[in-house]
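Below: one structure, written as structure tokens.
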Amino acid sequence: MKKYITYAMTALFATIAVSIAAPDKEAIMAKEKAAWEAFKDKKADDFKKVVDKDIRAVYAEGISNMQKELDDMKKWDMKSFTFSDFDFFTDEPDVIVTTYTVKVEGTYDGKDNSGTYNAGSVWKKEGKNWLAIFHTNMKQAAATSQ
């Protein structure tokens, strides 16, 4: 009996530890926004503080890594971005998956790239810091009438 109580208490404390370790919705959304803000403002050093050096990203245009992200940062002239429908989940104490919609106004390489994008990221806890290790966003397709 004592053994079962010990197992139950261990499971309870592990559950509490996991819930404490994961940031709340506002905190993880702030991290996501910090990455976007650094990108928008072309602040590579700030971007690197919230994005892992080994980031991988998937876009309609292709696959990206940190160097490509930094190169693309120079080509963007992002005026603004706004998040909506932000959500996240985790079933591991050191990994979080986010999904959201982001409305972007700006140009890429001189061409208008404004629109509404479906986006998502994977965040991994490295020591005390949460870093984005994967990101994707895709422009919403225009609705077609039938």
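The values are calculated or read from the model by the stated rules, or taken from the named source; none is laboratory data. Source: prediction; values computed, not measured. Ideal geometry is used to build each Cβ from the backbone, glycine not excepted, and the neighbour counts take in all protein chains shown. Heavy atoms of the whole protein, side chains included, go into the accessibility calculation; ligands, DNA and RNA do not. Shrake-Rupley method; radii C 1.70, N 1.55, O 1.52, S 1.80 Å.
The table that follows gives values for the structure above.
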{"item": "Within region 57-146, strands (runs of 3 or more DSSP E) holding 2 or more residues that are within 14 Å of the chain's Cα centre (by Cα)", "result": "76-92, 95-108, 115-126, 129-139"}
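To keep it simple, each residue is scored yes or no on (1) within 23 Å of Tyr117 (Cβ to Cβ); (2) touching a Ser or Thr at 6+ places or on another chain (Cβ under 8 Å); (3) at pLDDT 95 or above.
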position: Lys2; (1), (2), (3): no, no, no
position: Tyr7; (1), (2), (3): no, no, no
position: Ile20; (1), (2), (3): no, no, no
position: Met29; (1), (2), (3): yes, yes, yes
position: Ala38; (1), (2), (3): yes, no, yes
position: Ala44; (1), (2), (3): yes, no, yes
position: Lys48; (1), (2), (3): yes, no, yes
position: Glu69; (1), (2), (3): yes, no, yes
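Results for (1) farther than 20 Å from Glu61 by Cβ; (2) open to solvent by 40 Å² or more (accessible area, probe 1.4 Å); (3) without any contact (Cβ under 8 Å) to a residue 60 or more places away in the chain; (4) touching a helix residue (DSSP H, G or I) at 6+ places or on another chain (Cβ under 6 Å), shown as yes or no for each residue.
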| residue | (1), (2), (3), (4) |
| --- | --- |
| Met78 | no, no, yes, yes |
| Phe81 | no, no, yes, yes |
| Pro93 | yes, yes, no, yes |
| Thr107 | no, yes, yes, no |
| Lys128 | yes, yes, yes, no |
